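Enquirer: Let me give you the structure first, and then I'll get to my questions.
Every read-out reported here was derived from the displayed coordinates using simple, explicitly stated rules and does not represent laboratory data. Note that the coordinates shown come from a computational prediction; the quantities given were computed from them, not determined experimentally. Neighbour counts run over all protein chains shown; Cβ positions are idealised from the backbone, glycine included.
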Amino acid sequence: MTAPATPAAPAAPAAPGSPARDLPRIVSAEFKAGATAANQFPPPTVAEVAFAGRSNVGKSSLLNCLLQRKSLMRTSSTPGCTRQVNFLDVHNQDDSALVLVDLPGYGYAKRSKTELRAWGTLIESYLLGRPTLSGVALLVDVRRGLEDEEYQLLELLHGPAKVSRRPLDVVVVATKLDKLPASQRKLALGKLAKDSKLRIIGFSAKDQIGRDELWRRVRQAAGLDPV
Ligand SMILES: Nc1nc2c(ncn2[C@@H]2O[C@H](COP(=O)(O)OP(=O)(O)OP(=O)(O)O)[C@@H](O)[C@H]2O)c(=O)[nH]1
Ligand SMILES: [Mg+2]
């Protein structure tokens with residue numbers, strides 16, 4: 001089991017006048033468990049929102065940005081950094097709580113066939129069998145767009161679950177927006193919206209773009225705020 005890179009420190013309150021002012025402050029975000037098999041998932045408690053996507057797309061970086069922690073989750077320029085399903089406990093100033101889940105990335109060619117099979121089983125058992133899962137953010141590199149794996153994942157997420165639960169709230173997050181010239185961003189986000197038929201949030205962990213909008217959506221997906 002991988003522990004968080006550094007202990008969580010309390011988040012700084014939003015600066016007065018910032019767009020996050022009306023969002024309840026995150027008071028704690030802590031690593032809860034890391035699972036390499038379904039029997040290691042912690043008992044389901046509060047609503048969970050998971051972050052899925054290709055290896056290296058920026059899932060762990062996005063979580064650090066979202067939770068305003070520098071290195072709660074390990075990130076790396078080498079794909080295949082996150083190898084387990086990581087559960088993070090989050091508590092907010094309004095006394096609400098949710099669990100955010102960092103998933104291992106797919107599409108990492110250097111894995112063995114046995115590893116890839118185990119990955120598929122692990123992800124599927126989480127996404128289809130977790131009763132408390134209420135939302136999924138599918139991360140897509142804004143320069144790459146949707147490929148076969150993303151369409152397959154969207155089909156899986158929109159299909160029937162193996163447990164009784166409400167339909168999942170799915171949002172597509174276009175990552176690494178900073179890598180695209182500002183003049184090309186609107187077009188790329190529009191194409192993603194057309195291809196996925198879903199709402200898109202443009203995001204950059206590096207430049208902190210889209211953080212508040214995504215956090216708002218995550219809270220809604222977890223049922224903490226009305227849509
Ligand atoms: N320029 C830029 N780089 C980013 C951004 N987000 C992540 N990165 C970089 O992309 C690389 C991969 O980031 P991770 O957050 O580890 O990606 P991941 O999706 O968790 O990868 P796996 O754990 O392998 O599935 C790292 O080098 C990050 O610094 C971003 O918004 N902008
Ligand atoms: Mg990762």
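Enquirer: How high is the FRET efficiency from residue 184 to residue 206, r the C-beta distance, R0 22 Å, rounded to 0.05?
Expert: Here the calculated transfer efficiency is 0.85.
Enquirer: Of 214, 198, 175, whose Cα points farthest to the positive end of the dipole of the chain (charges on the beta-carbon: +1 Lys, Arg; -1 Asp, Glu; origin at the Cα centre)?
Expert: After comparing all options, I get 175.
Enquirer: Excluding residue 222 itself, calculate the net charge of residues whose Cβ lies under 9 Å from the Cβ of residue 222, where each Lys or Arg counts +1 and each Asp or Glu counts -1.
Expert: With Lys, Arg at +1 and Asp, Glu at -1, the neighbours total -2.
Enquirer: Can you show me the helix-derived [θ] at 222 nm for the chain, built from DSSP H runs with n ≥ 4 at -39,500 (n - 2.57) apiece and divided by the number of residues, rounded to the nearest 500.
Expert: After summing the helix terms and dividing by residue count, I get -8500 deg cm²/dmol.
Enquirer: At residue 227 and residue 152, where each label point lies 7 Å from the Cα along Cα→Cβ, what is the point-to-point distance in nanometres?
Expert: Modelled inter-label distance: 2.8 nm.
Enquirer: Mind checking Rg over Rh on the range 19-221, alpha carbons, Kirkwood formula for Rh?
Expert: Radius of gyration over Kirkwood radius for the range 19-221 works out to 0.93.
Enquirer: Here's something else I'd like to know. At a Förster radius of 35 Å, what calculated FRET efficiency corresponds to the Cβ-Cβ distance of residue 77 and residue 45, to the nearest 0.05?
Expert: 0.55
Enquirer: Can you give me the relative contact order of the chain as a percent, contacts being Cα pairs under 8 Å and 6 or more apart?
Expert: It comes to 21 percent, rounded to a whole number.
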